[in-house]
Amino acid sequence: MITILAGGSGSVKLVRGFASQRSDVNVVTNVGDNYWLYGMYVCPDIDTITYGLADLLDHDKGWGIKKDTFGFLRQMEIFGEETWFRIGDRDTATHLTRTNMLKNGKSLSDITKWMAEKFSIEIKIIPVTDTAVETRIITDKGDMHLQEFWVKHRGMDEVKGIEYQGVEKARPNPDAVNAIHDSNLIVIAPGNPLTSIGPMIALKGIRKELSKKKNKVVAVSPIIGNSPVSGPTGKYMEAAGIEVSVLGVAKMYADICSNIIIDTKDRAKAKEIEALNINVHESKIKMTNKQSEDALAASIIKQYYS
């Protein structure tokens, strides 16, 4: 069994690659960027993984459903509502259905499993917790939800810090803990280490289980050189006082990870990473098409799965 910790557009590419190789894969997803919008509960990372595995994802944007329409949002604009969070009509149906099921007593885990079945997805998609955890960005203009910072304000404000609101009291999903425990390989996908992966490993039960399975954990770097492959990773790491490099990422994961895959361009950092007792494997980690997604996943399985 293989378990992938995933969040964000960088993660879904690797998840698709693994799905092309095997069916015995669990995807533990981030919930820190979940957001209430127009009375609906939106789960961006869960939905991105779901749509990606169902071959519905809008590849150009990296989120939402391809060829979706936006009649709902146009009507909301007429009513004077803010429409900075661009959800399409078919996407809205997902959020509305999820919200109704939550109100009827279903857990986020049950709903996610049910939706995966509706989309004919064999791979298990597991929210890391059914408890509300909210990633808050502390800025020079006050603290705000991650979606407000990155989408509404386009990441323009100065970042002072990051908090995972509710994480101390949150209970890890038992299915997520068991998936990590039972796996021969655990992969930390190349998501943002602070806002996509960070909220998951901040859960004590998840971090504890990862540390127990440390020798089976492989991280894929989300950074090449001094630049993130995508998104605001660098800005968040700088705010947290972490070096924006593969070495900085390795230090963040050192207590839960024994292996890291870095880009061939970063081989000069290998010795410093190995000094942290982390094994280094070099590869071309930038995934630009299906072939590169499949190739990276296949190489990870060949190198580390046993």
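Since every read-out is calculated from the coordinates, none of them should be taken as a lab result. The shown structure was predicted, so the numbers you read here are calculated from the model rather than taken from an experiment. A quick note on method: Cβ atoms are made from the backbone with ideal geometry, for glycine too, and the neighbour counts reach across all protein chains shown.
Counting only C-alpha contacts under 8 Å and six or more residues apart, can you give the relative contact order of the chain as a whole percent?
20
Starting from 0.36 nm per residue, how many nanometres of slack lie between Asp24 and Arg171 once their C-alpha separation is accounted for? Display every interim value, and only then the final one.
Values: separation 147, 0.36 × 147 = 52.92 nm, distance 2.51 nm.
Full extension from Asp24 to Arg171 adds 50.4 nm.
Rank these for me by crowding, Thr97, Thr195, going from fewest to most other beta carbons within 10 Å.
On the way: Thr97 15, Thr195 25.
Ascending Cβ contact count within 10 Å gives the list Thr97, Thr195.
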- Message: With +1 on the Cβ of every Lys and Arg and -1 on the Cβ of every Asp and Glu, and nothing else charged, how large is the dipole of the chain about its Cα centre, in debye rounded to the nearest 20?
- Response: 620
- Which is the longest run of the chain containing none of the trypsin sites (Lys or Arg not before Pro) found in DSSP loop states (not H, G, I, E, B) with at most 10 other C-beta atoms within 10 Å? 170-306
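Return the subset of Lys160/Lys208; Lys113/Lys160; Lys216/Lys271; Lys235/Lys286 for which the Cα-Cα distance in this structure is over 26 Å, preserving the input order. Spell out each step's value before the answer.
Working: Lys160/Lys208 28 Å; Lys113/Lys160 37 Å; Lys216/Lys271 21 Å; Lys235/Lys286 20 Å.
Going by Cα-Cα distance, Lys160/Lys208; Lys113/Lys160 fall outside the 26 Å limit.
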- Message: What does DSSP give for segment 217-306 in terms of the percent of beta bridges that are antiparallel, rounded to the nearest 5?
- Response: 20
- Message: For a quick check: sort Cys257, Cys43 by the number of other beta carbons within 10 angstrom, fewest at the front.
- Response: Cys43, Cys257
- Sites Glu77 and Glu238, calculated FRET efficiency, Cβ-Cβ separation with R0 45 Å, nearest 0.05: 0.80
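Report, for the chain, the % of DSSP beta bridges that are antiparallel, rounded to 5.
On the way: 17 of 41 bridges.
Approximately 40 percent, going by the DSSP bridge assignments.
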- Query: When a footprinting reagent is the concern and you count Cβ atoms within 10 Å, what order do Met144, Met200 take, fewest first?
  - Reply: Met144, Met200
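Using only DSSP helix segments of four residues or longer, with each worth -39500 (n - 2.57), what per-residue ellipticity at 222 nm results for the chain after dividing by its residue count and rounding to 500? All intermediate terms of the calculation are to be shown ahead of the outcome.
Details: 12 runs with 112 residues, N = 306.
Computed mean residue ellipticity for the chain: -10500 deg cm²/dmol.
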- Under 5 Å between amide H atoms, partner at least 5 residues away or on a different chain: which partners does Ile126 have, H built in plane at 1.01 Å? Val27, Val28, Thr29
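Got the relative contact order for segment 174-304 handy, in percent, Cα pairs under 8 Å and 6 or more residues apart?
Details: 182 pairs, mean separation 28.4, N = 131.
Dividing the mean separation by the residue count of segment 174-304 yields 22 percent.
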- Which label in [x] 53, 51, 33; [y] 52, 52, 41; [z] 58, 44, 39 gives the computed Cα extents along the principal axes in Å: [z]
- Longest DSSP-loop-exposure-free segment, chymotrypsin sites (Phe, Trp or Tyr not before Pro), the chain, at most 15 other Cβ within 10 Å: 120-306
